[in-house]
Structures are given as structure tokens and as C-alpha cells.
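J.: Questions regarding the structure given below will be posed in turn.
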Amino acid sequence: MVKIISMSLGSDLLSELDELQKTYKFSGRSEAIRSAIRLLASENLALSQINGSIDACIVIVYPEKSTSKIFQTMHRFQRLVKSQVHYHLGTHKCLEMFVLHGEARDIETITRALKKEKIYNAKLIMLGNQN
């Protein structure tokens, strides 16, 4: 059974949704949102299934005003960080790349913590399993 829900989106996000609908030829906004939810659920499942000692890279794009929150989060996991790159993307937008090594559960935890912050995007890239 299909349930009808109501949601609020800012004008920028609504414009992005409409552009995605056109680009991917979704029949409507609901189909585009369902596809996004399936993609997020798939990423969540993949993240929960990693195990062992791994190498990974997290790339995040965030508003400059969130810098201190990002670094507070990363400081809690500094034992995992092997390398870091910071890059300014235009006005008040930053890209951060962290190369990590450690237990999969710790990398899952840091990834989820970063995704809770006010960021534009976060992507975990698995570089290899050490088992």
C-alpha cells in the first residue's frame, strides 16, 4: 500500500529535484524521491556490511561555516586519519579528503558522524580490505 507524505524543501533543493526529474526522465517528483531513498538505503546497507581492517577515503563538501564541527568530529577519530587534503571550492565552500586506515566499524562510525553534520555531500570510497 502506498502512503502519501508531505515534505518541505527549500527552493534550491526543489529546483535540484526538478532538474533530476528531467535528467533521469522520472515520471514525477515522487519517483525521483523514491529513487534517492533506494540509493541512500543501498549505501547504508553496504556501509553496515564492511568488516575487518580497511583502507578508505572519505570526501566531503561542506559550507565553510561548518569547518569547526567537521574538525571536531575528525579529531575524535584522529588515530584513523593517515592523510588529509583541504581545498576551497569557490566562495564559502570547502572540500575535504581524508585517507583512513582502521577497523571497519570505526570507519563506519566516522562516516555516519560526518553525514550528520551540515554538509553538502559525503562519499566513502573503499580502497581495500586488509584481511
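The values are calculated or read from the model by the stated rules, or taken from the named source; none is laboratory data. Because the structure is a prediction, the values reported are computed rather than measured. Counting neighbours? That spans all protein chains shown, and the Cβs are built from the backbone with ideal geometry, glycine included.
J.: Take Ile37 and tell me if it is under 28 Å from Gln21 (Cβ atoms), out of contact with any strand residue (DSSP E or B) (no Cβ under 6 Å at 6 or more places or on another chain), part of a helix (DSSP H, G or I) and free of Cβ contacts under 8 Å to residues at least 12 places away in the same chain.
T.: yes
J.: Do you know which residues across the range 51-76 are in contact with a strand residue (DSSP E or B) (Cβ under 7 Å, 6 or more places away or on another chain), surrounded by 15 or more Cβ atoms within 10 Å (Cβ to Cβ) and outside any strand (DSSP E or B)?
T.: The answer is Ile70, Met74.
J.: Given the options Val85, Val61, name the one that is at pLDDT 90 or above, closer than 30 Å to Asp12 by Cβ and more than 16 Å from the chain's Cα centre (by Cα).
T.: The conditions single out Val85.
J.: Taking the range 77-102, which residues are touching a residue at least 12 places away in the same chain (Cβ under 8 Å) and not in a strand (DSSP E or B)?
T.: Of everything in the range 77-102, those that are touching a residue at least 12 places away in the same chain (Cβ under 8 Å) and not in a strand (DSSP E or B) turn out to be Phe77, Arg79, Leu80, Leu89, His92.
J.: Working carefully through the options Ala32, Ala56, find the one that is in contact with a Leu (Cβ under 6 Å, 6 or more places away or on another chain) and closer than 29 Å to Ile4 by Cα.
T.: Ala32
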